[in-house]
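J.: The structure under discussion is supplied below as structure tokens; questions concerning it will follow.
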Amino acid sequence: TLEPEPISQAENALRQFLHDLDNAPHLIVGLPIWRHEPAHPIQPTRYNVSRLYDPDGEIVSTHSKVHSAENRFMHGHQLNEFEVEGVSISMHICHDGR
């Protein structure tokens with residue numbers, strides 16, 4: 001989880017797999033992502049996220065862990081709520097459920 005390129009390659013393969021799969025489900029995957037955050041001393045800044053994909057492999061939403069305890073990960077700034085096929089959903093990672 002230290003380098004973005006292998007994560008990006010694996011995510012692209014996953015998205016293609018979902019796209020090609022008959023009757024694919026919505027899928028939630030935990031992974032690290034990197035963003036540029038001017039206020040953070042480590043660039044690019046790494047986040048622990050849950051990402052929701054639709055049955056076509058498109059990204060529906062991405063949510064950063066709010067209570068990050070992992071070394072060298074930035075924390076998210078808000079909990080989340082969104083809808084999937086009319087059902088309200090909120091994703092929490094580890095301590096976020098508290």
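J.: Among the residues of region 72-84, count how many are assigned to a loop (DSSP other than H, G, I, E, B) and open to solvent by less than 30 Å² (accessible area, probe 1.4 Å).
T.: Matching residues across region 72-84 total 2.
J.: Follow-up. Tally time: how many residues in region 21-55 are part of a strand (DSSP E or B), within 17 Å of MET74 (Cβ to Cβ) and either touching a Phe, Trp or Tyr at 6+ places or on another chain (Cβ under 7 Å) or aromatic (Phe, Trp, Tyr) (or both)?
T.: 8
J.: For region 23-54: of the residues being without any contact (Cβ under 8 Å) to a residue 40 or more places away in the chain and hydroxyl-bearing (Ser, Thr, Tyr), which is nearest to VAL87 (Cα to Cα)?
T.: Going through the qualifying residues, I end up with TYR53.
J.: The conditions are (1) out of contact with any Leu (no Cβ under 7 Å at 6 or more places or on another chain); (2) in a helix (DSSP H, G or I); (3) open to solvent by less than 40 Å² (accessible area, probe 1.4 Å); (4) not charged (D, E, K, R), and LEU18 fails exactly one of them. Which is it?
T.: Here LEU18 meets the rest and fails (1).
J.: Also: Of everything in region 21-36, what is open to solvent by less than 90 Å² (accessible area, probe 1.4 Å) and under 21 Å from MET91 (Cα atoms)? Give them in sequence order. Before the answer, list the steps.
T.: Restricting attention to region 21-36, the residues satisfying the condition of being open to solvent by less than 90 Å² (accessible area, probe 1.4 Å) are 21, 24-27, 29-35.
ALA24, PRO25, HIS26, LEU27, VAL29, GLY30, LEU31, PRO32, ILE33, TRP34, ARG35 - these are the residues of region 21-36 that are open to solvent by less than 90 Å² (accessible area, probe 1.4 Å) and under 21 Å from MET91 (Cα atoms).
J.: Checking PRO6 against (1) open to solvent by 50 Å² or more (accessible area, probe 1.4 Å); (2) part of a loop (DSSP other than H, G, I, E, B); (3) more than 19 Å from MET91 (Cα to Cα); (4) modelled with pLDDT of 90 or more, only one condition comes out false. Which one?
T.: (2)
J.: Scan region 55-71 and tell me whether some residue there is touching a residue at least 40 places away in the same chain (Cβ under 8 Å), more than 26 Å from PHE17 (Cα to Cα) and open to solvent by less than 80 Å² (accessible area, probe 1.4 Å).
T.: No, that holds for no residue.
J.: Let me ask something else about it. Looking at VAL49, VAL87, which is the one that is open to solvent by 40 Å² or more (accessible area, probe 1.4 Å) and at pLDDT 85 or above?
T.: VAL87
The values are calculated or read from the model by the stated rules, or taken from the named source; none is laboratory data. The shown structure was predicted, so the numbers you read here are calculated from the model rather than taken from an experiment. We place every Cβ from the backbone using ideal geometry, glycine too, and count neighbours over all the protein chains shown. With ligands, DNA and RNA removed, areas are computed over all heavy atoms of the protein, side chains included. Shrake-Rupley method; radii C 1.70, N 1.55, O 1.52, S 1.80 Å.
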